[in-house]
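Here's the structure we're looking at; comments come further down.
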Amino acid sequence: MTSVKLYPPKPEKVYLFGTCLIDLFYPQAGLDAIRLLEREGIEVLYPQDQTCCGQPAYTSGYHDEARAVAAAQLDLFSEPWPIVVPSGSCGGMMRIHYPQLFAGTDRETLAGEVAGRIYELTEFLVHVCHLRLEDQGPSERVAMHTSCSARREMGLAETGPALLARMGQVELAEQARAAECCGFGGTFAVRHPEVSAAMVEDKTQAIAATGATRFVTSDCGCLMNIAGRFEQQDKAIKGEHIASYLWRRTS
Amino acid sequence: MSSAHESVQTFTPREFHRQAHDALGNPQIRANFRRAMDGLMAKRRDVFSDWDLETLRELGANIRLRALAKLPDLLERLEANCQANGIQVHWAENGDEACRIIRGICERHEAKAVIKGKSMVSEEMHLNAHLEEAGIEALESDLGEYLVQLNEQTPSHIIMPAIHLNTDEISKILHDRTGTERTRDVDIMTAAARAQLRERFMAADVGISGVNFAVAETGTLCLVENEGNGRMTTAVPPVHIAVTGIEKVVEQLRDVPPLYALLTRSATGQHVTTYFNMISSPRKSGEHDGPQEVHLVLVDSGRSNIYQDDELLDTLRCIRCGACMNHCPVYTRVGGHTYGTTYPGPIGSILMPHMMGLEETKDLPTASSLCGACGEVCPVKIPIPDLLVRLRRESVGEGRGNVPGAGVKRTKTEVAAWKGFQWLATHPAAWRSGMALAGKLQALMPSRLGPWTEYRTAPKPAKVSLHALVKRHQANKADENEETR
Amino acid sequence: MTARDNILKRLRERTDGPLAAPESDFAVVTGRDWSQEERLARFERLITSVHGEVIHTSHDGWTKALAEVLEAKGIRRLALGREHPVAAEARAALAEGDVSLIDADRDVESWRHEQFHDTDAGLTSTRGAIAETGSLWLWPTPDEPRLLSLVPPIHVAVLDADTIEDTFFDVIEAHGWAGGMPTNALLISGPSKTADIEQTLAYGVHGPRELVVLLRHAEERP
């Protein structure tokens, strides 16, 4: 659990670190995050040289490779603006693990400085932008899956639901064992596919049991996992990144 | 392993995948664990509701860290104080040596029957089998351990050894092995076990127990339990042997209440256990019961190796509450036996590699989604996910090389894959081209991607990457600005 | 080199160097500042929540309450000490009745079978109790040996209301436990229990099935 973080006033500019999963599979979520921020009058800087935070290599134990990848990202945020990450998992990597990864190296100070500027998107929208939302969508019940990294590593169990609560027509559906992992876990899903499958099966059942026709999440790994399971079973329940969901219903 | 009757099944960490497959396909196992873990999680949540949990965990971690910081001194002090109290202290480098010491004590007393209180360290060293080879019968007296032993199994949970069995299965075991009437009435089964075991307590030559906390300051062995079998084991037979890992020592008596509070609440959601049994000496002259001899066997078994490393050291803070397994989504799905180790679940996955080597246990550190639930509930704040990652590093040969079997999972293919990932992710132009290419080739993407698509559809690369979308978006905005100017 | 020497040497010559020992702040386990009423209420609530039975009685009339408990529970054979005032008063009060009094202050070897098979209940004094967890604390003595509170199917414990303290930590500190531990010190919180059969609670698995606390108050309660 992270210690209490003091939030700055709303800045003039922010950086967006889009993450590799969004880049490759869900770019619309990245763009919608940018639009949400821009609507708040914030200029969004998107360094074109960004790639991946390095987490897949990090959690697989390949720390030399992870460090090289992370080092390449550290140089991209030279101005002192906050760095917004539309993923609890990549955000956690950069905020919590970058300082560990560079401890004792000549980039230790830089890593610590960058880590201190990392904000997960929903965290930033709630605590820095104090985002107000005018919901124009139809009335809907929706389930929220907060990723384990957002919930436990970054201590952000409440920010996603808090945003949904500001949507007038949206009812947040309570699910059983909401805090339990969906079974993605990066390479875990590949190394232990059967266990991972059992976990995502339970997660989809819990979401389906709420009667919601849609779920949102702030992490594309979980989205890919849960939505992929629903789709494989031809279930009508659709998943969406929370940035897209909020933008779509308020723009 | 749903039926109590199937032939004895042995589990090994080498077969984690096969064992996980079997467990996942066994509805009885799935239901037993899910129900049990849901119950334990709810009870823990309730019992901590009126506590300043974070402050208490902070204190617990702090006490354990202080004990470890002074470990060699405290072990010497524990030894001196135990000896001054009349407790005989023995040291063992590993499980085999500990077994020989215990067997020696038993043989000196011509012991034929040993009664055991719950001790995971004795499981760790396979003490029962060792004693049986010497013709000494070792009978477990904790009800769960007794049932598991009757069923020729090992514990599937460190606190609740028979948690993988349901009432009906247990009834069958008691019926088949002890002639107890077939019943679903837990009171009848418990009373039957009580009657059977009471005779064995009276007849036992030696009692063997574990230790929850060994207090250096006073030379006191603390045992936490609900059943009373621990008290029986340590007070009825003429000889008591306590066996424990060298890390179980704490500095002072006042360190005990916070750890005890954390242990019972984290383990079973109890405010307190029925018994807290503090033993500081054998029967003194003039006293009328209790053992004439008390022995303490301190076992290393890889612990002093863990102790060398600042990061790995945190592993030794553990007070064996089992909360990490109760909250682990993997353990809940596959159960304790799947791990094939004395300690299953998250704590086992960070501890057993040191005891058995990474070659034997290579699938354990990866058997976690790193969801963090274990670290969140750990009463002494062991950063279990970080330690899992550390052992993954050691497995692939990118750690410090100080864990047995380090580098065992390093393969040319995997190294090449991660080097390739590194190259791509450190060459932005190539990365951008790769993303663009993936979008163009979208239609050619295989719809089956190995294990992933057994259970889920394959994600499709977007036609346009975020890099490209942002460029377009920024260009549009520039145009708009141009127009509105 | 012995195992002891090897282990200690490895610990002393630690690769990553000596460790700093942090100070500990014990505030979270003390300083409850409960009133006597709160202490009593909390003690009773917690010990009864784990199946302990509490019977309030006056300090002077407690043996009458004891006789009633023995009667109600059909206890015919009661094991007890001799010297402790609790035992002495009980012996005096029960001398005329038809409950057999079994001497607990003798070597267990001489009466093990009787203790395990022919004793209905054990009577002990207590040194005090802990409100926070609903626990009794006992330091068994030659007069009231440790098995007296464990082997008989019913344990009757006599507790004085004014000896209930707030927390376990408070008890250890206030009574200077660290200055001299007895052979055996015990906290007892309810009767013996298990949940090893599918989390179903069952009492009396190895130790007493019932724990009765005769809670003595200095003055008659209204």
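Overview of values
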quantity	calculated
Strands (runs of 3 or more DSSP E) lying entirely in segment B:168-267 (those with 1 or more residues that are in contact with a His (Cβ under 6 Å, 6 or more places away or on another chain) and buried (at least 24 other Cβ atoms within 10 Å of the Cβ))	B:206-209, B:239-245
Helices (runs of 4 or more DSSP H) wholly inside segment A:133-251 that include at least 2 residues being free of Cβ contacts under 8 Å to residues at least 12 places away in the same chain	A:188-191, A:193-209, A:220-232
Boolean, C:Ala178 is in contact with a Leu (Cβ under 9 Å, 6 or more places away or on another chain), outside any helix (DSSP H, G or I), aliphatic (A, V, I, L, M) and at pLDDT 95 or above	no
Only listed residue being at pLDDT 95 or above and assigned to a loop (DSSP other than H, G, I, E, B), chosen from A:Ser78, A:Ser89	A:Ser78
Selection status of C:Leu187, without any contact (Cβ under 8 Å) to a residue 60 or more places away in the chain, buried (at least 22 other Cβ atoms within 10 Å of the Cβ), facing chain B (nearest Cβ under 7 Å) and of a type outside the set (Gly, Ala, Ser)	yes
Residue that is farthest from B:Trp51 (Cα to Cα), among those in segment B:284-303 that are facing chain C (nearest Cβ under 10 Å) and crowded, with 23+ Cβ neighbours inside 10 Å	B:His288
Flag for A:Gly186 being buried (at least 20 other Cβ atoms within 10 Å of the Cβ), touching a Ser or Thr at 6+ places or on another chain (Cβ under 7 Å) and not assigned by TED's automatic domain parsing to the domain that holds A:Gly91	no
All positions within segment B:161-185 that are among the aliphatic types (A, V, I, L, M) and out of contact with any Leu (no Cβ under 8 Å at 6 or more places or on another chain)	B:Ile163
Selection status of B:Val206, farther than 22 Å from B:Ile158 by Cβ and among the hydrophobic types (A, V, I, L, M, F, W, C)	yes
Qualifying positions in segment A:17-70 - among the small types (Gly, Ala, Ser) and either in contact with a Pro (Cβ under 9 Å, 6 or more places away or on another chain) or at the interface with chain B (Cβ under 8 Å from one of its Cβ atoms) (or both)	A:Gly18, A:Ala29, A:Gly30, A:Ala33, A:Gly54, A:Ala57, A:Ser60, A:Gly61, A:Ala66, A:Ala68
Failed criterion for A:Arg95 (all others in (1) assigned to a loop (DSSP other than H, G, I, E, B); (2) crowded, with 18+ Cβ neighbours inside 10 Å hold)	(1)
Tally, over segment B:408-422, of residues that are in a loop (DSSP other than H, G, I, E, B) and over 18 Å from B:Gly302 (Cβ atoms)	3
Any hit, segment B:23-44, residues being assigned to a helix (DSSP H, G or I), in contact (Cβ under 8 Å) with a residue 40 or more places away in the chain and closer than 30 Å to B:His240 by Cα	no
Among residues of segment B:459-479, those that are touching a Gly at 6+ places or on another chain (Cβ under 9 Å) and either in a helix (DSSP H, G or I) or within 7 Å of chain A (Cβ to nearest Cβ) (or both), counted	10
Failed criterion for B:Gly397 (all others in (1) surrounded by fewer than 21 Cβ atoms within 10 Å (Cβ to Cβ); (2) within 11 Å of chain A (Cβ to nearest Cβ); (3) in contact (Cβ under 8 Å) with a residue 24 or more places away in the chain; (4) of a type in the set (Gly, Ala, Ser) hold)	(3)
Segment A:161-181, residues that are more than 14 Å from chain B (Cβ to nearest Cβ), out of contact with any strand residue (DSSP E or B) (no Cβ under 7 Å at 6 or more places or on another chain) and buried (at least 18 other Cβ atoms within 10 Å of the Cβ)	A:Leu163, A:Met167
Residue tally, condition facing chain C (nearest Cβ under 10 Å), in contact with a helix residue (DSSP H, G or I) (Cβ under 8 Å, 6 or more places away or on another chain) and among the polar types (S, T, N, Q), over segment B:227-247	2
In segment C:16-70, the residues that are buried (at least 17 other Cβ atoms within 10 Å of the Cβ), more than 18 Å from C:Asp170 (Cα to Cα) and not small (Gly, Ala, Ser)	C:Glu44, C:Ile47, C:Val50, C:His51, C:Glu53, C:Val54, C:Thr57, C:Trp62, C:Thr63, C:Leu66, C:Val69, C:Leu70
Condition met for A:Glu194 (among the acidic types (Asp, Glu), at pLDDT 95 or above and farther than 24 Å from B:Leu364 by Cα)	no
Count of segment B:87-122 residues which are crowded, with 22+ Cβ neighbours inside 10 Å and at pLDDT 95 or above	16
Residues satisfying the stated conditions in segment A:98-125, i.e. part of a loop (DSSP other than H, G, I, E, B) and either buried (at least 24 other Cβ atoms within 10 Å of the Cβ) or on the phi < 0 side of the Ramachandran plot (or both)	A:Ala103, A:Thr105, A:Asp106, A:Arg107, A:Gly116, A:Arg117
All positions within segment C:132-156 that are assigned to a strand (DSSP E or B) and closer than 20 Å to C:Asp103 by Cβ	C:Leu138, C:Ile154, C:His155, C:Val156
Subset of segment B:419-458 [within 24 Å of A:Glu194 (Cα to Cα) and either of a type outside the set (A, V, I, L, M) or at the interface with another protein chain (Cβ under 7 Å from one of its Cβ atoms) (or both)]	B:Pro446, B:Ser447, B:Arg448, B:Gly450, B:Pro451, B:Trp452, B:Thr453, B:Glu454, B:Tyr455, B:Arg456, B:Thr457
Options C:Val213, C:Val205; residue that is closer than 17 Å to C:Leu66 by Cα, of a type in the set (Val, Ile, Thr) and surrounded by 23 or more Cβ atoms within 10 Å (Cβ to Cβ)	C:Val213
Condition met for B:Ala61 (modelled with pLDDT under 95 and crowded, with 18+ Cβ neighbours inside 10 Å)	no
Flag if A:Val84 is within 20 Å of the chain's Cα centre (by Cα) and either outside the structural domain of A:Cys20 (by TED's automatic domain parsing) or surrounded by fewer than 23 Cβ atoms within 10 Å (Cβ to Cβ) (or both)	no
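A quick yes/no check of all residues on (1) farther than 17 Å from C:Ala195 by Cα; (2) not in a loop (DSSP other than H, G, I, E, B):
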site	(1), (2)
B:Ile105	yes, yes
B:Ile115	yes, yes
B:Glu132	yes, yes
B:Leu147	no, yes
B:Thr154	yes, no
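The values are calculated or read from the model by the stated rules, or taken from the named source; none is laboratory data. Bear in mind the structure is a predicted one, so any value in this text is a computation, not a measurement. Note: ideal-geometry Cβ built from the backbone for every residue, glycine included; neighbour counts use all protein chains shown.
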